[in-house]
């Protein structure tokens, strides 16, 4: 009997479940092989040590803690339990496709040529107390479709066709049908109009100088990753050109403050 | 383990008897807590893990098809939880600084024990538990179920959904691996 075979029988040997012939063969081997005899002794000692371990008492607050957790589970947790129990699974391409369709549907529904607010205009803060009988609208006014975009230099959507922004959204959200790397879903979309190659190169130099990561999708479409804290610098760079920005909230320097890094898709026209 | 009692308690729980659930927890809490402890090694983490396991039992009891198989079902559920928690903690580096020689709690004398003997006993216990916890997950599982939880090969085979021969050979390899880890202390 080889040593490896002998050692593979240790558990059966300890359980006393070896067939008679195997038992004799193993015993003879252990009598003649010092190494395996030592291995067997150590194996027995290990079993003895494990079997001498006393189970630890469970904490006295285990059951109250269970009930506390059961009480805490709210609507969303229960909904999640239901979802988990369905063993619902969705492949990444299918999930990406559903997300993209929802994004495009929402985007196309909102798109309509309307007057855009001047992005530098700010409404004065309300001062003073309410006048008697004054009614404050408690229901939020629906956002105008034009508020989806911020447009520079007093331009309007009629002047600046926003179709390229839709194209940017499509290009950056649709899963690729080839081996191209999957693109991140951008936080904001920018359309820069009437920019020549020299100024475009200058813009890129400024971005790279700030250690922002730049990815070229094609000659007119780029992705830039920048720290959220430097969003103001990004605005400053854009303001040198004629641009449209979506969503409009991205003009605020606090936009995306829940993230460390923001992604902007920039299309040049 | 009083399987008949467990079966009756499961039946009662399914019919809305919350006290039956409490009684089930009382029956199995020590086993499940020690199983969790074998995976995560730390008492607070093991308590949290054991609680999560029983919360899942409460929520998913209707998934149990055969009430007489509650024990195996509970262990399957527990092992899935333990595996997931272990992976999560490992990704966070929870186990990276732990070694067999890590000191843990202080000396607790049991009655009649001399400090030296008690120290030796607790030290040995700590070393063995640490060695088990340091095994690869698949090896650790069979050791925990057979040598610590004292389940039969049939029960382990059912819980892990493995043929009994595979369970035995896995167990043998795990015990040899554990022996090698404890070699210097034997």
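The values are calculated or read from the model by the stated rules, or taken from the named source; none is laboratory data. Source: prediction; values computed, not measured. Note that we place each Cβ from the backbone using ideal geometry, even for glycine, and neighbour counts take in every protein chain shown.
Do you know which residues across segment A:197-246 are part of a loop (DSSP other than H, G, I, E, B) and at pLDDT 85 or above? Walk me through it before giving the result.
In the first step, residues of segment A:197-246 are kept if they are part of a loop (DSSP other than H, G, I, E, B); the result is A:210-212, A:219-220, A:239-241.
A:210, A:211, A:212, A:239, A:240, A:241, listed by residue number.
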Exercise for review: May I ask you to say which residue of A:105, A:97 is part of a helix (DSSP H, G or I), exposed (fewer than 11 other Cβ atoms within 10 Å of the Cβ) and modelled with pLDDT under 95?
Suggested key: A:105
Review point. Has segment A:250-259 got any residue that is in contact with a strand residue (DSSP E or B) (Cβ under 9 Å, 6 or more places away or on another chain) and closer than 19 Å to residue A:193 by Cβ?
Key: yes
Exercise for review: Kindly indicate which of B:175, B:146 is buried (at least 20 other Cβ atoms within 10 Å of the Cβ) and at the interface with another protein chain (Cβ under 7 Å from one of its Cβ atoms).
Suggested key: B:175
Point to revise | Flag for residue B:159 being facing chain A (nearest Cβ under 9 Å), under 16 Å from the mean Cα position of the chain (by Cα) and crowded, with 21+ Cβ neighbours inside 10 Å | key: no
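Does at least one position in segment B:16-25 carry a residue that is more than 12 Å from chain A (Cβ to nearest Cβ), assigned to a helix (DSSP H, G or I) and more than 22 Å from residue A:72 (Cα to Cα)?
No, segment B:16-25 contains no residue that is more than 12 Å from chain A (Cβ to nearest Cβ), assigned to a helix (DSSP H, G or I) and more than 22 Å from residue A:72 (Cα to Cα).
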Study note, to complete from the structure: Flagged in segment B:134-143 as under 17 Å from residue B:87 (Cβ atoms) and either within 10 Å of the chain's Cα centre (by Cα) or surrounded by 20 or more Cβ atoms within 10 Å (Cβ to Cβ) (or both), in numbering order, are B:140, B:141
Practice item. Starting from residues that are touching a helix residue (DSSP H, G or I) at 6+ places or on another chain (Cβ under 7 Å), more than 27 Å from residue B:149 (Cα to Cα) and surrounded by fewer than 17 Cβ atoms within 10 Å (Cβ to Cβ), keep the ones in segment A:1-32 and report whichever is farthest from the other protein chains (Cβ to nearest Cβ). Key: A:1
Practice item. Please give the number of the condition residue B:41 fails out of (1) touching a helix residue (DSSP H, G or I) at 6+ places or on another chain (Cβ under 6 Å); (2) at the interface with chain A (Cβ under 9 Å from one of its Cβ atoms). Key: (2)
Point to revise | Output for segment A:40-55, where each listed residue is at the interface with another protein chain (Cβ under 8 Å from one of its Cβ atoms), surrounded by fewer than 19 Cβ atoms within 10 Å (Cβ to Cβ) and in a helix (DSSP H, G or I) | key: A:42, A:45, A:47, A:51
Check your understanding: Restricting attention to segment A:225-249, which residues are touching a helix residue (DSSP H, G or I) at 6+ places or on another chain (Cβ under 8 Å) and more than 19 Å from residue A:205 (Cα to Cα)?
Key -> A:244, A:245, A:246, A:247, A:248
Check your understanding: If residue A:58 satisfies every condition in (1) touching a helix residue (DSSP H, G or I) at 6+ places or on another chain (Cβ under 7 Å); (2) within 8 Å of chain B (Cβ to nearest Cβ); (3) assigned to a helix (DSSP H, G or I) but one, which is the exception?
Key -> (3)
Review point. Condition test on residue B:107, is it under 30 Å from residue B:11 (Cβ atoms) and either at pLDDT below 95 or within 14 Å of chain A (Cβ to nearest Cβ) (or both)?
Key: no
